[in-house]
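Everything on this sheet refers to the single structure shown next.
Computed from the coordinates by the stated procedures, all read-outs in this text should not be read as laboratory data. Everything numeric in this text was worked out from a predicted model, so none of it was measured. Neighbour counts are summed over all protein chains in view; Cβ atoms, including those assigned to glycine, are modelled from backbone coordinates with ideal geometry.
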Amino acid sequence: MENTPLKHQLLVAMPQMADPDFEHSVTYIVEHSSEGAMGLTLNRPVQISLGDILSDMDIEIEVPPSERHRVVAGGPIQQEAGFVLHSAATRWYGSVPLSDGLILTTSRDILEAIAIGEGPEQSLICLGYAGWDAGQLEQELVENAWLSTPASRELVLDTPFEQTWHAAAARIGVDMSLIATQAGHS
C-alpha cells in the first residue's frame, strides 16, 4: 500500500470512535511519515485559561489575553507541553509554517509577546499532542476510524469548538448527523 502522507490534513473522528480522547474530535496532522504521525486536537476546550498558563509560567501579564486566545487539550501525550497555532506573520524562535497561513510555535517567546499585547491577535494553545506509531494511523484509517479533510485557517482558528467536528466533515460533503454510530442488523 502506498503511503499517502496526511501532513497538514484534519482527521475527523468517525461517530463510532470509542477512544474518549478522540470522540467527536478534529485533529490537525502536523507531521506524518513512515515512522508515525503527530497531531494536535483542535476541539477539546479545557478549564485552564491562557492567563492561568502565563501565571504558572511566571510571565507577567501587561495586556490581558482576549477570548481569541483559546486553550485546548491537544492530545493525551505530554499534556504539560504547549503548542501555539496561529496565523501571525511574525516568527518566534520555535515557529514552523504549516499550511493555509497557519504557523505552529513552541517557544516561550510567543507567550511573552501575547502577555504584553504584541503576539498574534488570536491563537489556539494546545496542551499536549496526539501521536501514532509507524503504521498505526494508516491502520485506523483502514478501519474507518477517521475521515481526512484539508486543513484551513478558518476551521482551526475561527470555528467555535462545538461546530468544528461537523464543519470539518462538511468540507468533504459528509453530514455527521446522518452517520449511524453502530452497524445495523437485519
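Quick one: which of 137-144, 84-91 comes out on top by average Cβ neighbours within 10 Å, and what's the full order, highest first? Present the calculation step by step, with values, prior to reporting the outcome.
Details: 137-144: 14.5, 84-91: 18.5.
So the peptides 137-144, 84-91, ranked by packing, come out 84-91, 137-144.
Give me the net charge for the shell around Val46: Cβ to Cβ below 15 angstrom, other residues only, Lys and Arg +1, Asp and Glu -1. Before the final figure, lay out each step's value.
Values: positive: Arg44, Arg70; negative: Asp21, Asp52, Asp56, Glu67, Glu80, Glu162.
Around Val46, the surrounding residues sum to -4.
What does the charge add up to near His24, with Lys and Arg as +1, Asp and Glu as -1, over the other residues with Cβ less than 13 Å from its Cβ? Can you show the working numbers first?
Details: positive: Arg44; negative: Asp19, Asp21, Glu23, Glu162.
So the environment of His24 carries a net charge of -3.
What is the local net charge at Thr106, summed over the other residues whose Cβ is closer than 15 Å to its Cβ (Lys, Arg +1; Asp, Glu -1)? Show your work: numbers first, answer last.
Numbers: positive: Arg91, Arg108; negative: Glu31, Glu80, Asp109, Glu112.
Charge balance in the 15 Å sphere: -2.
For the range 3-71, report the % of Cα-Cα distances exceeding 13 Å. Don't jump to the answer; show the numbers that get you there.
Numbers: 1683 of 2346 pairs.
Taking all Cα-Cα pairs of the range 3-71, the fraction more than 13 Å apart is 72 percent.
Can you give the three extents of the C-alpha atoms in the range 57-186 along their principal axes, from longest to shortest, in whole Å?
Computed over the range 57-186, the largest-to-smallest principal extents equal 64, 29, 24 Å.
Could you tell me how far the Cα centroid of the range 147-178 sits from the Cα centroid of the range 22-58, in Å?
Distance between centres, Cα-based: 16 Å.
When the dipole is taken about the Cα centre of the range 83-165, and only Lys, Arg (+1) and Asp, Glu (-1) are charged at their Cβ, what size is it in debye, to the nearest 20? Let's see the in-between values first.
Numbers: 3 positive and 12 negative charges, 52 e Å.
My answer is approximately 240 debye.
Rounded to the nearest 500 deg cm²/dmol, what is the calculated helix-only ellipticity per residue at 222 nm for the chain, with -39500 (n - 2.57) per DSSP H run of length n ≥ 4?
Numbers: 4 runs with 32 residues, N = 186.
Estimated from H runs of four or more residues: -4500 deg cm²/dmol.
Would the range 137-180 count as rounded, prolate or oblate if I go by the C-alpha gyration tensor, calling it rounded below 1.5 in a/c and otherwise prolate when a/b exceeds b/c, oblate otherwise? Don't jump to the answer; show the numbers that get you there.
Values: a/c = 2.29, a/b = 1.46, b/c = 1.57.
Because a/c hits 1.5 or more and a/b fails to exceed b/c, the range 137-180 counts as oblate.
Cα-Cα pairs above 20 Å in the range 38-118: how many percent? Write out the running numbers ahead of the final one.
Numbers: 979 of 3240 pairs.
Of the Cα pairs, 30 percent sit more than 20 Å apart.
Under unit Cβ charges (Lys, Arg +1; Asp, Glu -1), what dipole magnitude, rounded to 20 debye, does the chain have relative to its Cα centre?
Values: 8 positive and 26 negative charges, 86 e Å.
Dipole size: approximately 420 debye.
Whole-Hz Karplus ³J(HN,Hα) for the range 168-176, in order, using 6.51 cos²θ - 1.76 cosθ + 1.60 and θ = phi - 60°, x for Gly and Pro?
5, 5, 4, 4, 10, x, 9, 9, 4
Of the listed peptides 48-60, 113-125, what is their order by residue-averaged count of other C-beta atoms within 10 Å, with the highest listed first?
Values: 48-60: 14.2, 113-125: 19.0.
Listed from highest to lowest mean packing, they are 113-125, 48-60.
For Ala81, list long-range residues whose amide hydrogen, built 1.01 Å from N in the peptide plane, is under 5 Å from its own amide hydrogen.
Correct list: Gly128.
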